[in-house]
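Here is the structure we will look at, set down as structure tokens.
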Amino acid sequence: MVNLPRKFTTIPINFIPKQFLKYQQQQVPSQRTQPFIPFSELQNQRNLLESELISALNGCTSLIQIQQTHARILRKGLDQCCYIITKLVRSLTKIEIPMESYAKLVFNQVKYPNPFLWTALIRGYCLQGLVRESVFVYISMRKENTLPVSFTFSALFKACSTVLDVNLGRQIHAQTILIGGFDNDLYVKNSLIEMYVKLGFLECGRKVFAELPERDLISWTELIVAYAKIGDMESAGELFGQLPLKDMVAWTAMVTGYAQNAMPREALELFERMQNEGVKTDEVTLVGVISACAQLGAAKYSNWIRDIVVNLGIDPTRCVVVGSALIDMYSKCGNVEDAYKVFEAMEEKNVFSYSSMIAGFAMHGCAYAALKLFREMVNMGIKPNRVTFIAVLTACSHSRMVEQGRQIFASMEEKFGISPGVDHYACMVDLLGRAGLLEDALKLVETMPIEPNEGVWGALLGSCRTYSNPDIAQIAANHLFELEPNAIGNYILLSNIYASAGRWNDVSMVRKLMREKGLRKNPGCSWLEVKKGVIEEFFAGDMAHPRSGEMKHVLEHLLNRLKAIGYEPNMNSVAYDVNDEEKRRILITHSEKLALAFGLLSINADCPIRIMKNIRMCEDCHSFMCGVSQITGRVIIVRDNLRFHHFHDGKCSCGNFW
DNA sequence: TTAGGGTTAG
């Protein structure tokens, strides 16, 4: 017998319902034993007919078809054949006919139900979310002295994880021990591990795993996934390393685990190893890889993955998950046109595909397209979820569509029955704040029915920077310093707001606070994809690049040409109390300007210059990019920490509002 | 008849 984890031994035995214990160790033969029919006779008479009816049931996709087949079963006198009735119950479950209205009635007509038929009923209830009912069926089954089989327990464990009931799970675990004979049963044990880890009792799952005399790949993979889900990729990696034979699913679990835990480089490295070791990949593996590429956001990865998808013969128009992942990746890699091409071609679209596309449009400043798609989605009868609303509200926010945003926010609860969460409030604060309605935004924060989090106060602080409001900024910053005392960005924002208001004493105070906490500013950094696969990195103020002489020359030349058409450096973008000359020097060596200069020197005139950067672009760099796109005729695409800016012919896709 | 899948905000 397995030693249960300590938690189990503390459960008093009377915790298990009487009905369970009554049958403890009972080995009484069933009172309702099926009359003996010689196997050969069965075979001769029924085999052909049975297999024909089974395949008919397998093919049923509607209630009418099942009813017709059922009528045939009755005509042929096979209504007592457990094998066929089990199949009938499963078919009914599959098309989601309520158990009470059909399956239960059919079951009640069978005089000698076997364990598989009982189990089909248990599974049916469980899949329809009626877990208590499925347990009652189990109790009745035991009353009838029918011994459960492996599948009975895997169904019951699944039921427990569906309703998040670990106590019930423990009782059923106790049943497997009381009845006995399941110690080496991997179906049961793997379902048990799955239940524990899904309910958050990873250590219990681990213990069951440790006590298994033999383990299969499924037990290992269950645990790897469990560790990945709680973000412990180290433990997942250790288990994966110990795994004697790894299959595609185990590899995929690791790749996906890295992707889901914001470790895209590790995900891609592992995927490369997987390919080198000759492991097959399928669309599920690719979804993890695509998500990793999206996080890296570089066009080179999007080209690379497109080739892999094509080579594997996967058709994104027919696989809604791959399609949605691709939409997200293309958007995040700066290519919203390709994202839309994938979206348009998809045969099936669901809430994920729509939400990803709406978020993609929002990210690129295409608010009208985002709203149009949202309306289309609703008209198509696809119910938006919480994520969809975040995407739509972000789109409104980035395009100053206050009224539309307010209406959509109100419709969440009224029309779609989704109560706005703290993130939706953060979007609304951002929407009002970006539109300059700082008082309204503050009022919303103070009156919202849930506790504002760092996202809400952060949105308010960000708006205070745009509209230079040091008073409200101070309120927001005080909350933020409590909520996330070590987040450097808040100190920098507040200090910049004070700087642009000329309150240099307050600036020194914030800087002192940062020093005391030992916080150091993240240096501004930009990346430029020079050619396929080659990425150059530039830091603000860093003139150590081998070609910095040429870059400086390019920038000075551009500056003179821009000045001739009215551009003036924006001194407010420098948050240091230094003289104007120094401010000009700091501005012209911002990392994205260095990247732009290098791009102009090294990228063909017909190709867009794609720059990525780690922090928000300042006003000066933004107007500089607009000007350069005008005087050089080049397309410049900059991805900052939040979104994309497409500069073309003197204008930016964000409408100077970001 | 047990294992791996996509969208989120300052």
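The values are calculated or read from the model by the stated rules, or taken from the named source; none is laboratory data. Because the structure is a prediction, the values reported are computed rather than measured. Here the Cβ positions follow ideal geometry from the backbone for every residue, glycine too, while neighbour counts run over all protein chains shown. The area values use the complete protein model at the heavy-atom level, side chains included, leaving out ligands, DNA and RNA. Shrake-Rupley method; radii C 1.70, N 1.55, O 1.52, S 1.80 Å.
Averaging Cα coordinates gives a centre for segment A:349-388 and one for segment A:202-262; these two points are 35 Å apart. Stretched out straight at 0.36 nm per residue, the stretch from A:Val249 to A:Arg265 would grow longer than its current Cα-Cα span by 3.8 nm. Extension gain, A:Ile95 to A:Leu78, is 3.9 nm, computed as 0.36 nm per intervening residue step minus the present C-alpha separation. Placing dummy labels 7 Å off each Cα toward the beta-carbon, the span from A:Val321 to A:Val163 is 2.8 nm.
Using θ = phi - 60° in the Karplus curve 6.51 cos²θ - 1.76 cosθ + 1.60, the 3J(HN,Hα) couplings for segment A:86-98 round to 4, 4, 4, 4, 5, 5, 5, 5, 4, 8, 6, 7, x Hz; x is entered for Gly and Pro. Potential lengthening of the chain between A:Glu277 and A:Ile565 amounts to 97.8 nm, from the contour at 0.36 nm per residue minus the alpha-carbon distance.
Each label was represented as a point 7 Å from its Cα along the Cα-to-Cβ direction; for A:Asp577 and A:Ser653 these points are 4.1 nm apart.
Looking at segment A:256-340, the trypsin sites (Lys or Arg not before Pro) that sit in a DSSP loop and have at most 15 other Cβ atoms within 10 Å of their own Cβ are A:Lys280, A:Arg318. For A:Arg639, neighbours were defined as the other residues whose beta-carbon sits under 13 Å from its Cβ, and their charges (Lys and Arg +1, Asp and Glu -1) total +2. For segment A:189-221, the set of GluC sites (Glu not before Pro) satisfying both a DSSP loop assignment and a count of at most 16 other C-beta atoms within 10 Å is given as A:Glu211, A:Glu214. Note on A:Lys143 and A:Asn614: with the Förster distance fixed at 51 Å, the Cβ-Cβ geometry gives a FRET efficiency of about 0.20. The distance separating the Cα centre of segment A:451-489 from that of segment A:618-658 comes to 27 Å. For segment A:426-521, the dipole from Cβ point charges (+1 on Lys and Arg, -1 on Asp and Glu) about the Cα centre works out to 600 debye, to the nearest 20. Using a probe of 1.4 angstrom and keeping all protein chains present, the accessible surface of segment A:264-321 works out to 49 square angstrom per residue. Summing Cβ point charges (Lys, Arg +1; Asp, Glu -1) relative to the Cα centre of segment A:333-377 gives a dipole of roughly 200 debye. Under the criterion of Cα pairs below 8 Å and six or more residues apart, the relative contact order for chain A equals 6 percent. Applying 1/(1 + (r/R0)^6) with r as the Cβ-Cβ distance of A:Arg132 and A:Glu344 and R0 = 45 angstrom yields a FRET efficiency of 0.45.
Once the Cβ-Cβ distance of A:His557 and A:Leu642 is raised to the sixth power relative to R0 = 41 Å, the FRET efficiency obtained is 0.85.
For chain A, the fraction of 1.4 Å probe accessible surface lying on carbon and sulfur atoms is 52 percent. Normalising the average separation of contacting C-alpha pairs (under 8 angstrom, six or more residues apart) by the number of residues puts the relative contact order of segment A:397-451 at 39 percent.
Restriction of the trypsin sites (Lys or Arg not before Pro) in segment A:44-135 to DSSP coil positions whose beta-carbon has at most 11 other beta-carbons within 10 angstrom yields A:Lys111.
Residues in segment A:426-521 average 48 Å² of solvent-accessible surface per residue, probe 1.4 Å, ligands and nucleic acids excluded.
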